[in-house]
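Participant: I'd like to ask you about the structure that follows.
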């Protein structure tokens, strides 16, 4: 399986600047690709395009050389950098989890999710606690590709190591493809099979795309 | 750090509890912060690190008087030696004490970020100040015309930071100001905080990023399960586990990707679970029967403080 962005350009508004211009990127099943680059250069935008949350202005996002399916559950799951914006604030955490399918009780234990938290609403949990739910939800969703957008920057180092080791074990066992967006080179080195920098993904002469 | 400088902020034995309902009638109490103590003096950066959910953000909210409804607190909070009453918090908030909040949802989604950072002050010199702060934080001039949803994660953090930097507050509480920023930008942001401290302000830096804390803070306070477990000099963290006092601080150091990525099993006890002894005992390699008797008090050790009976 392969998830691919083929020569994508993206603008948030029709006349606005191109956040991404002629970017190509691919990740295969079993690969864990680290994506590094300065803030505000479009890493999260690329993540949203790959996950089908946004559509490219130009270019295509392909899953096994086909456009992303328009119907049914998409086998690409994005875990956001801001867990507080990825959960329904009025739902109890149990509902949030079950949105993606029945959670595996073992997984809740490994991720350090206390049974009591399931009865709380997101406002009563810390960012790190919410992110564990988002990881559990991603793994329960049956996705083949997981895009982890700065998922552990708001976690303490021990929780970060726990969550990543859990995610890596799952990825290995199920041959998931992972895109790992991070600002931490040491973390990328630990968890990724290869690392690319965003600014190297655009085709030469990026201005030609915006001039059209 | 100047030990003789007058304390700006003193937190002594702080606790925060949430009321909660169980079923239809029963009520319980959730102790989110059990026993926190720290001091911030003018001219220094004190970093607070520790487990996610250990109460770091709640500490910031308690000091500012911005706790969620339903929370009760106790213990002593003092600002410049005087108790911080709710009335005094309202007076000082945004003037003497400023908060850089953690969640980017604190930005007003319907307001362009430039006017938002200026805080309703429409004088041209305020706009100039805002532009200068943006430039220093590496935000392009056109950023001020954007709405929050148009910002990247790292840009939103820098906008939040500028709201506090632009004012004249003596005490700055920065709650996770750097996630989403590239290493150079994060260092620039903390460089600004360090300069503010140099100019005589006090900074309480709440962070998960131990490396940045070590580089920029004078001292580091470690939280675990709503308690202070260690106070150390940043240099102790730079030196490694042998210089640290508490087993949790040592585990935190070893969990960094560059130091072994060691995932100590277990999680901190939840606020709802009463634990008679040391809160770290269930995960601790040094645990003995004595550890389960009572939660040890903070004690002085090797120029720092530790809450452990075995630490040497």
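Participant: State the antiparallel share, in %, of DSSP beta bridges confined to the protein assembly as shown, rounding to the nearest 5.
Facilitator: 55
Participant: Follow-up question, since we're still on this one. Can you check what the Kirkwood hydrodynamic radius comes to for region B:128-197, Cα pairs only, in Å to one decimal?
Facilitator: 12.3
Participant: Okay, moving on. Among DSSP beta bridges whose residues both lie in region B:1-141, state the antiparallel percentage, nearest 5.
Facilitator: Beta bridges within region B:1-141, antiparallel portion: roughly 95 percent.
Participant: Modelling each spin label as a point 7 Å along the Cα-to-Cβ direction, I'd like the residue B:300/residue B:135 distance in nm, to one decimal.
Facilitator: Those two pseudo-labels are separated by 4.9 nm.
Participant: State whether chain B is rounded, prolate or oblate according to the following rule on the C-alpha gyration tensor (a ≥ b ≥ c being the square roots of its eigenvalues): a/c under 1.5 gives rounded; otherwise a/b larger than b/c gives prolate, and the remaining case gives oblate.
Facilitator: Cα axes put chain B in the prolate bin.
Participant: Right, next: Using Cα pairs closer than 8 Å and at least 6 residues apart in sequence, work out the relative contact order for chain A, in percent.
Facilitator: With pairs under 8 Å counted, the relative contact order is 31 percent.
Participant: Using the alpha-carbon centroid of each, what span in Å lies between region B:185-209 and region B:27-57?
Facilitator: What the calculation gives is 18 Å, centre to centre.
Participant: Let me have the 222 nm mean residue ellipticity of chain A computed from DSSP H runs of 4+ only, each contributing -39500 (n - 2.57), with the sum over all residues rounded to the nearest 500.
Facilitator: Using -39500 (n - 2.57) per qualifying helix, the result is -8500 deg cm²/dmol.
Participant: Can you figure out the FRET efficiency of residue B:127 with residue A:91, using R₀ = 45 Å and their beta-carbon distance, to the nearest 0.05?
Facilitator: E(calc), rounded to 0.05, equals 0.65.
Participant: Calculate, axis by axis, the spread of Cα positions in the protein assembly as shown along the three principal axes, and write the results as whole Å, longest axis first.
Facilitator: So the extents along the principal axes, rounded to whole Å, are 65, 59, 51.
Participant: If r is the Cβ-Cβ distance from residue B:195 to residue A:106 and R0 is 51 Å, what FRET efficiency results, to the nearest 0.05?
Facilitator: Approximately 0.55, to the nearest 0.05.
Participant: Rounded to the nearest 0.05, what FRET efficiency is calculated for residue A:2 and residue B:188 with R0 set to 35 Å and r the Cβ-Cβ distance?
Facilitator: 0.40
Participant: Say each of residue B:312 and residue A:195 gets a label point 7 Å from the Cα, pointing the same way as Cα to Cβ; how far apart are those two points in nm?
Facilitator: Between residue B:312 and residue A:195, the label points sit 4.0 nm apart.
Participant: Can you tell me the length gained on complete extension of the stretch residue A:64 to residue A:169, counting 0.36 nm per residue apart and subtracting the Cα distance?
Facilitator: Full extension from residue A:64 to residue A:169 adds 35.4 nm.
Participant: Follow-up question, since we're still on this one. If I take every Cα pair under 8 Å that is 6 or more residues apart in region B:138-207, average their sequence separation and divide by the length, what percent do I get for the relative contact order?
Facilitator: The normalised contact order for region B:138-207 reaches 36 percent.
Participant: Using label points projected 7 Å from each Cα along Cα→Cβ, tell me how many nm separate residue A:186 and residue B:90, to one decimal.
Facilitator: My value for the distance between the label points is 4.6 nm.
Participant: In deg cm²/dmol, rounded to 500, what helix-only [θ] at 222 nm does chain B give when every DSSP H run of at least 4 residues adds -39500 (n - 2.57) and the total is split over its residues?
Facilitator: -8000 deg cm²/dmol
Participant: Given the options A:158, A:147, A:113, state which has the largest fluctuation in a GNM of chain A using a 10 Å cut-off (strictly under) for Cα springs.
Facilitator: With Cα springs under 10 Å in chain A, the top fluctuation among A:158, A:147, A:113 is at A:158.
Participant: Could you work out how much longer the chain between residue B:111 and residue B:29 gets when fully extended? Use 0.36 nm per residue separation minus the Cα distance between them, nm to one decimal.
Facilitator: Extending this stretch completely gives an extra 25.7 nm.
Participant: Just to confirm my numbers, what's the Cα centroid distance between region A:73-115 and region B:254-286 in Å?
Facilitator: The distance from the Cα centre of region A:73-115 to that of region B:254-286 comes to 23 Å.
Participant: What does the structure give for A:147-154 when I average, per residue, the other chain Cβ atoms found within 10 Å of the residue Cβ?
Facilitator: The mean count of partner-chain Cβ atoms within 10 Å per residue comes to 3.
Participant: In whole Å, how far is the Cα centre of region A:157-192 from that of region B:97-171?
Facilitator: 33
Quick note: the coordinates plus some simple rules give every number you see, no bench work behind them. It should be emphasised that the depicted structure is a prediction, and the values quoted were computed from it without experimental measurement. As a convention, Cβ positions derive from the backbone with ideal geometry for all residues, glycine included, and neighbour counts pool all protein chains shown.
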